[in-house]
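Before any comments, here is the structure.
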Amino acid sequence: MDKLDEYRQNIDKIDKEMVRLFEERMKNAQNIGKYKEEHGLPVLNAGREKAVIEKAAANLKDKNLAPYTEDFFENMMRISRKYQADNAGHAVKIAYFGIEGSFTYEAVLKYSENLLSVKPVGCATTEDVFRLLLNDGADLAVIPFENSTTGAVVDVYDLLCKYDFYIKDEIFLKVSQHLMAKKGVKKDEIKTVYSHPQAISQCKKFIDFNGYNAIPYLNTALSAKFVSESEKTDIAALAGESAAKIYNLDILAANVNTDLDNYTKFIVLSKKFDKNENADNNSAVVSLDDKTGMLYKLIKIFKDEGINLTKIESRPDHKNPFEYMFFIDFDGNIDDENVKNAVDKAKEFAKAFKYLGNYKRRSVHS
Ligand SMILES: O=C(O)C(=O)C[C@]1(C(=O)O)C=C[C@@H](O)C=C1
């Protein structure tokens, strides 16, 4: 028996023992999952995960293995969470854009800190997310809406007009893009980078400086997966840190987005309108007749009710070329008398007025 066979035999024995321990661990995770469901506790416990990872690293004899151990435990607890959610009786199904490791997936995790069991369901395109919610394949949907560097995620604005869903909440996430490639690939070998068009725009300076050929891809995490599965060694992806971990890629350059304070706002969509007494922000989309002073008159409705209009974003009206729809946000709860009045008056005044929801305003620090 040569040395290779001997090492492999050792590994086989270790794996057998690991499978036994894995099964035992998963059994306990399942019990914890049941307990949490019965006691109304969320599956994700970020504090506990941090403590588990720190304890595992502290137990190492060879400290060089610390980053690998952290990776190993992070992944194991991700699997454990998924198992808990898969076994839960009442998990909230959340449709989201992308696959595990996408920024939207991170947003779902952040949102699920406040929920009991959550089953994230990944979708390849933003419209697939809307379709899944429409066809009862999900209870809620999470979708990117606006980025602090590149602005509106325009197709989502258009989909909000096409489908009749309500915005139920918003989630802010700091977005850091990293250049990542297969293990062993050097940065100077890279010629082509793949990513979502928004990520490509966010990293434009870095791409231009390095002379990369940038190819748009469906999603940041999908581009990372594509790179990990490709035979090519001159390609890289632009994606987040968790995508690098999940798809086993090396980060060759970190934080390559032009604007380092780069945030994305995600919205949570629901089919039904739920009243929320803490809600203090309204969204609507309005179209107006193409006549002098119409926008002024719309704004005046809110001013006269003493309501702060916090956003106006115009988007082309696809049914009427070179006419525009106005996406507006305004303060207040829909049960406030002045908000009700303003909405009623705006509905009467506008050519079309679609109320998009009443939810709690969050900030990049929340
Ligand atoms: O300890 C818990 O609360 C668990 O649910 C178990 C576990 C784990 O696998 O260790 C899984 C998910 C939590 O986010 C934290 C830890």
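Given the rule -39500 (n - 2.57) for each run of at least 4 DSSP H residues, summed and divided by the residues of the chain, what is its mean residue ellipticity at 222 nm, to the nearest 500 deg cm²/dmol? Working shown, then result.
Working: 12 runs with 152 residues, N = 366.
Per the formula, -13000 deg cm²/dmol.
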Arrange the following residues from fewest to most other Cβ atoms within 10 Å of their Cβ: V92, V193. V92, V193
The range 1-89: relative contact order as a whole-number percent, Cα under 8 Å and 6+ apart: 36 percent
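Based on the Cα gyration tensor of the range 157-263, what are the three equivalent ellipsoid semi-axes, each the root of five times an eigenvalue, rounded to whole Å and given largest first? Show your work: numbers first, answer last.
Details: eigenvalues 143, 44, 36 Å².
Equivalent ellipsoid semi-axes, largest first: 27, 15, 13 Å.
What value in Å³ per residue do you get for the convex hull of the alpha-carbon atoms in the range 61-106? The partial results should precede the final answer.
Details: hull volume 3.8 nm³, N = 46.
So the per-residue hull volume is 82 Å³.
Given R₀ = 51 Å, what would the calculated FRET efficiency be for D164 paired with A66, taking r from the Cβ atoms and rounding to 0.05?
Working: r = 51 Å, r/R0 = 0.99.
Approximately 0.50, to the nearest 0.05.
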Using a Förster distance of 22 Å, how high is the FRET efficiency between E24 and K50, based on the Cβ-Cβ distance and rounded to 0.05? 0.45
Can you grab the distance from the C-alpha centre of the range 154-176 to the C-alpha centre of the range 279-356, Å, no decimals? 18 Å
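More than 26 Å apart: what percent of Cα pairs in the range 1-125 qualify?
On the way: 2623 of 7750 pairs.
I get 34 percent for the Cα pairs in the range 1-125 exceeding 26 Å.
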Extended-chain gain in nm, criterion 0.36 nm per residue less alpha-carbon gap, E241 and H90: 51.3 nm
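Using 0.36 nm times the number of residues separating D290 and Y7, minus their current alpha carbon distance, what extension gain do you get? Walk me through the numbers before you get to the answer.
Working: separation 283, 0.36 × 283 = 101.88 nm, distance 7.67 nm.
Extending this stretch completely gives an extra 94.2 nm.
Note the full-extension length gain between Y263 and R361 as 0.36 nm times their separation in residues minus their Cα-Cα distance, in nm to one decimal. Walk me through the numbers before you get to the answer.
Values: separation 98, 0.36 × 98 = 35.28 nm, distance 1.54 nm.
Stretched out fully, the Y263 to R361 stretch lengthens by 33.7 nm.
Compute the FRET efficiency between A58 and E337 as 1/(1 + (r/R0)^6), taking r as their Cβ-Cβ distance and R0 = 56 Å, and round to the nearest 0.05. List each step's numbers first, then the result.
Working: r = 59 Å, r/R0 = 1.05.
In this case the efficiency is close to 0.45.
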Most exposed first, judged by fewest Cβ atoms within 10 angstrom, C203, C161, C123 run C161, C123, C203
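Among K186, K168, K245, what is the fewest-to-most ranking by other Cβ atoms within 10 Å?
Values: K186 10, K168 23, K245 18.
With the fewest neighbours first, K186, K168, K245 line up as K186, K245, K168.
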Let me check against my output: what whole-number percent is the relative contact order of the range 277-359, with C-alpha pairs under 8 Å and at least 6 apart? 48 percent
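Only the coordinates and a few stated rules stand behind these numbers; no lab work does. Nothing here was measured: the structure is a model prediction, and the numbers come from that model. Neighbour counts run over all protein chains shown; Cβ positions are idealised from the backbone, glycine included.
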